[in-house]
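Remarks on the structure that follows.
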Amino acid sequence: MQALATDLELLQTVLYSGAFGLVLLGLYAMASHRHLVRILLGLTLLEGGANLFLVAVGFRADAVAPIVTPGAQALPMVDPVPQALILTAIVIGVGVLALGLALTVRVFEVHGTLDVRALAQRLTQAGEATPEEPSPAPPVSVTRDAS
Amino acid sequence: MSSRTFASLVFTLGLGLILASVMQGLPLGGAPMQVGQAIVAQAPEAVGTANIVTSVVLAYRGLDTLGELTILFAAATAGGLVLSGRRPSHATQSQAGFILRTGAGLLFPFLLALGAYIILHGHLTPGGGFQGGAIIAAAFFVPLLSRPESPFNEAVASVIEGAAGAMFIVIGLLSLTNGGSFLEPLLGTGELGELFSAGSLPLLYVAVGLKVGAELAGLLVHLGGLGEAG
Amino acid sequence: MIWIALISAAVMLGAAIAVITLRDFYSALAASTVVSLALSVLFVVLRAPDVALAEAAVGAGVSGVLFALTLRRLGAKGAAEDE
């Protein structure tokens, strides 16, 4: 690795690779795993990475936090707008996570499995067994889950 | 390696290449900051808060905060609806140990005081309604975990949540009746750095803190299957 | 300051890899809490104390408790993963 010129470049590499690494790891977890809880864990990682990236965009070198301290005037501050928006995004993320987990619990109570592919198969079978669909094949008997 | 894993890897690597090219075009500390600089210059005099992020959240982008409160309310209500069936019948009410019970009882007033402090000083120091609300929700949930037989009063929590949300909207509507726009800060600015400054913004944050705290506590109780049965 | 950022970014990425690869769900949830805490340290490095406080309180606290409660309610059968 070549020597990076300034501290700021090193900080940029560290922060951006951290943020993009989280985004990519979260996306990989969501795409390749099958258990619903692990998909939600990947979603949490993905949101954390996106939030880190957006706050990093508002950073200024040699600037202070956007809080006015009486007596210390005229120092450049970092951008407060991305911070306010990411504050909102973090809370919304936990709200979405809570709803997702509640739905996961309910899905487990009704179907007994949390495997995404098995759930998709059950839902497709349930969809095919509806009477208003004209199907040339003999009807498939599906054992419904008595919930 | 299954095809699903292989496809996910290819997709992830491709996205990684795209993101790396984004990194070239966005040097750290180089993004233009026009709106941010205007807000940093104007906010201490115009809005009166020492914490500029608070002024952005409540005064300049107050509608976004109202939207967030709506999303949180929808998520909590939907979660409560989804989980309103039978509570888990297996004995989740195992008696917690002595250390946990005593420690939870000790933690409760400190967490409550910390949450209230963070909410009330949201316009002076880092903090505000959301952070303090999460701490208050934890303050109410930790004793419930250690002492499952004391039920969580869900009716009071939902009343607090509704009243706090209504208070936020009423304060916004009040400024509408005063001839300003919706959610414009009322009551003047006061002196920078005092507790009673920045007009109606601390009141807005108190409403946000109570609402978020009651909502998160109710959600945790629902998900845990604690509280009154049935 | 750069060392703090470097170390917490390394911890964060290592814990994120652990979230994906660990089999036991409780360990994965502990690793996701570590990711949230390292993320809040990085927010402090980025001069964003409000966001750091929100991430620590909400991400590490409430989010971890939500996962733990869900896992407890799913039981041993729900938390089993067969690949």
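The values are calculated or read from the model by the stated rules, or taken from the named source; none is laboratory data. Predicted, not measured: the structure shown is a model, and the values here were computed from it. Every residue, glycine among them, receives a Cβ derived from its backbone with ideal geometry; neighbour counts consider all protein chains shown.
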For this session: Would you be able to say whether some residue in the stretch A:69-78 is more than 17 Å from the chain's Cα centre (by Cα) and buried (at least 23 other Cβ atoms within 10 Å of the Cβ)?
Result: yes
For this session: Search the stretch A:100-121 for residues that are closer than 26 Å to B:THR77 by Cβ and pair each with any residue that is acidic (Asp, Glu) when their beta-carbon atoms are under 8 Å apart and the residues are at least 6 apart or on different chains.
Result: A:VAL110/A:ASP145; A:HIS111/A:ASP145
Exercise. How many residues does the stretch B:21-35 contain that are within 7 Å of chain A (Cβ to nearest Cβ) and at pLDDT 85 or above?
Worked result: 1
Exercise. If we scan the stretch B:127-142, do we find a residue that is out of contact with any Pro (no Cβ under 9 Å at 6 or more places or on another chain), surrounded by fewer than 20 Cβ atoms within 10 Å (Cβ to Cβ) and either away from every other protein chain (no Cβ under 11 Å) or farther than 21 Å from B:VAL56 by Cβ (or both)?
Worked result: yes
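Listed here are the residues, each with its yes/no results for (1) among the charged types (D, E, K, R); (2) within 18 Å of B:THR54 (Cβ to Cβ).
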| site | (1), (2) |
| --- | --- |
| C:SER40 | no, no |
| C:ARG47 | yes, yes |
| C:VAL51 | no, yes |
| C:ALA57 | no, yes |
| C:SER63 | no, no |
| C:LEU69 | no, no |
| C:LEU74 | no, no |
Exercise. Mind checking which residues of the stretch B:166-189 are in contact with a Leu (Cβ under 9 Å, 6 or more places away or on another chain) and part of a loop (DSSP other than H, G, I, E, B)?
Worked result: B:ASN178, B:GLY180, B:PHE182, B:LEU183, B:GLU184, B:PRO185, B:LEU186, B:LEU187
Exercise. Can you name the residue in the stretch A:30-65 that is among the charged types (D, E, K, R) and under 14 Å from C:ARG23 (Cα atoms) and is also surrounded by the fewest Cβ atoms within 10 Å (Cβ to Cβ) among such residues?
Worked result: A:ARG34
Exercise. Of these, A:THR6, A:THR44, which one is more than 9 Å from chain B (Cβ to nearest Cβ), hydroxyl-bearing (Ser, Thr, Tyr) and without any contact (Cβ under 8 Å) to a residue 24 or more places away in the chain?
Worked result: A:THR6
Exercise. What residue, of C:ARG23, C:ARG47, is at the interface with another protein chain (Cβ under 7 Å from one of its Cβ atoms), not in a helix (DSSP H, G or I) and not acidic (Asp, Glu)?
Worked result: C:ARG47
